[in-house]
Amino acid sequence: MDSKQKQKDIFAKNLKRQLSLKNKTQADIVNDLNLTSSTVSDWVNGKKYPRMDKVQIIADYLGIYKSDLIEEKKEHSDEEIYKSANISFVK
């Protein structure tokens, strides 16, 4: 896979995750940020990569950092998250 496609895939994965965490839908972004549904769909499906100004607008809208959308994030297990917060984890 080329690096451009990898960037698109990382962005798509992060955008889907952040939308889920914030209880937002693609339609919310389309309506609230005045974007076309095809553009947002292309981002979510890894077909296209947004310009940096759009990345910033989405990050601001979701109340997150740009890096939360464009950088590959390591998946953490629940146990790791609890440990990092010094909370005991019961299986």
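The values are calculated or read from the model by the stated rules, or taken from the named source; none is laboratory data. Since the model is a prediction, treat every value here as computed from it, not as a measurement. Because the Cβ atoms are built from the backbone with ideal geometry, glycine has one as well, and the counts that use them run over all protein chains shown. Quick note on the areas: whole protein, heavy atoms, side chains included, nothing else; ligands and nucleic acids left out. Shrake-Rupley method; radii C 1.70, N 1.55, O 1.52, S 1.80 Å.
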Name every residue in segment 2-47 that is closer than 18 Å to Lys74 by Cβ and not basic (Lys, Arg), in order of residue number. Gln7, Asp9, Ile10, Phe11, Ala12, Asn14, Leu15, Gln18, Ser20, Leu21
Are there any pairs, at least 6 apart or on different chains, whose C-beta atoms fall under 7 Å, with the first in segment 11-27 and on the phi > 0 side of the Ramachandran plot and the second surrounded by fewer than 18 Cβ atoms within 10 Å (Cβ to Cβ), and if so, which? none
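Tally up the residues in segment 9-27 that are part of a helix (DSSP H, G or I) and open to solvent by 50 Å² or more (accessible area, probe 1.4 Å), please.
Taking segment 9-27 first, the residues part of a helix (DSSP H, G or I) are 9-21, 26-27.
Now restrict to residues that are open to solvent by 50 Å² or more (accessible area, probe 1.4 Å): 9, 13, 16-17, 20-21, 26-27.
Matching residues across segment 9-27 total 8.
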Which pairs do you get when a residue that is modelled with pLDDT of 95 or more and part of a loop (DSSP other than H, G, I, E, B), found in segment 52-80, comes within reach of a residue that is open to solvent by 80 Å² or more (accessible area, probe 1.4 Å) and not acidic (Asp, Glu), reach meaning Cβ atoms under 8 angstrom, with the pair 6+ apart or on two chains? Gly63/Lys22; Lys66/Met52
